[in-house]
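Presented below is the structure to which this report refers.
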Amino acid sequence: MFEDPEDSKDDTAANPDTRLGEKIAELRIHAELCAVFEGIQKFDANLDTSLDGELTRSIQKAILKLTSSKMKDSPVLDPQKDGVYDLAWDLLNKSDELDISTSDYHVYRRPGEVIVLRWLKGDQVEQFYTRLQAHLDVAIEQSREDERQALGWKQDAKTKKYLDLLDEAKVDQADRYLRPLIKSHGICVLSQTTADELNIGYLCDYIMGIPAAELVGPASAPKDDTNEQELAWFFRLFALRGLVNDVELMLFFTYLQKAQDSFELDEDQDQDEDQDKDVD
């Protein structure tokens, strides 16, 4: 989905704990991708391509401002910075303010570039966390079987330790998303996940259940679904979470651009490229 596993280094030399952490991180990204984008296929969410460009640009600028307003080494927005929480609450509540439907995917696109916004509210947030956990649990279980089949014959201590750790692995997705702290302390959290090359066919056909042309537009859709260069898109997902009037809200802001094109999310974009920093 993200990279060719054949390009990976020899796993036998890896520290078992490090190796487990990398495997779980990979599975968490996959689970997040599924939970965020499965709405059309699983819950009858709609794809709305009428998103206003000026509105999209204003939300993009706000997201980038919040990205530079997080606490050090944390996805938590810094409450000591003036206006940060007001801005976050405004973004989270934007669907109500503009009468924009929640759960649906609101799309703004230009040639080779797509922005997708999705708001979740109340019970939809609960449903998201349930699905997020379910996707990870299934992925971990399948990974246990796959890794045992692929590596079980090896007799070195590191491999055995890694397989044992994988058998015991349990991850609470809500905790890693800082949901308990959001609900108990009213904090706002902004995490991000980045992939230099995401297979747009995998995202659209497999997860969303739609042709790529419906998301990115006919002109930008891959003409050859076997051409890796055609399928590769730069991908960045921002996940903003918080409470507004005691109601739990989420906003997913996704930026996609054809990987063969030069890409910049914004000329003033914060240069912090920490990958999958949502839970650390």
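Just so you know, all these numbers are worked out from the coordinates, no wet-lab data involved. None of the values given here were measured: they were computed from a predicted structure. With ideal geometry, Cβ positions are generated from the backbone for all residues, glycine too; neighbour counts draw on all protein chains shown.
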(request) Take the chain, connect every pair of alpha-carbon atoms lying under 10 Å apart with a spring to form a Gaussian network, then pick out the residue of Lys61, Lys81, Lys94 with the largest mean-square fluctuation. (result) Lys81
(message) Less than 20 Å from a label point 7 Å out along the Cα-to-Cβ axis of Lys81: which backbone N atoms in segment 229-250 qualify, by residue?
(response) 236-244, 250
(message) If I build a Gaussian network model for the chain, linking alpha-carbon pairs within less than 10 angstrom, which residue out of His106, His185, His135 has the largest mean-square fluctuation?
(response) His185
(message) Roughly how far apart, in whole Å, are the Cα centres of segment 144-194 and segment 204-257?
(response) 24
(message) Whole angstrom only: what separates the Cα centroid of segment 75-106 from the Cα centroid of segment 40-73?
(response) 9
(request) For the chain, give the magnitude of the charge dipole about the Cα centre (Cβ charges: +1 Lys/Arg, -1 Asp/Glu; no others), in debye to the nearest 20. (result) 560
(request) Could you grab the relative contact order for segment 157-239? Cα pairs under 8 Å, six or more apart, rounded to a whole percent. (result) 33
(request) Could you go through segment 171-181 in sequence order and give the Karplus-derived ³J(HN,Hα) for each residue, using 6.51 cos²θ - 1.76 cosθ + 1.60 with θ = phi - 60°, rounded to whole Hz, and x for Gly and Pro? (result) 10, 8, 5, 4, 5, 5, 8, 6, 4, x, 5
(request) Could you calculate the FRET efficiency of Asp175 with Asp52 from 1/(1 + (r/R0)^6), where r is the beta carbon distance between them and R0 is 25 Å, rounded to 0.05? (result) 0.10
(message) Through the Karplus equation 6.51 cos²θ - 1.76 cosθ + 1.60, θ set to phi - 60°, convert the phi angles of segment 107-122 into ³J(HN,Hα) values in whole Hz; use x for Gly and Pro.
(response) 10, 10, 9, 10, x, x, 8, 9, 10, 10, 10, 9, 9, 10, 9, x
(request) Return the single residue from Glu168, Glu197, Glu147 with maximal mean-square fluctuation; model: Gaussian network over the chain, springs between Cα atoms under 10 Å. (result) Glu168
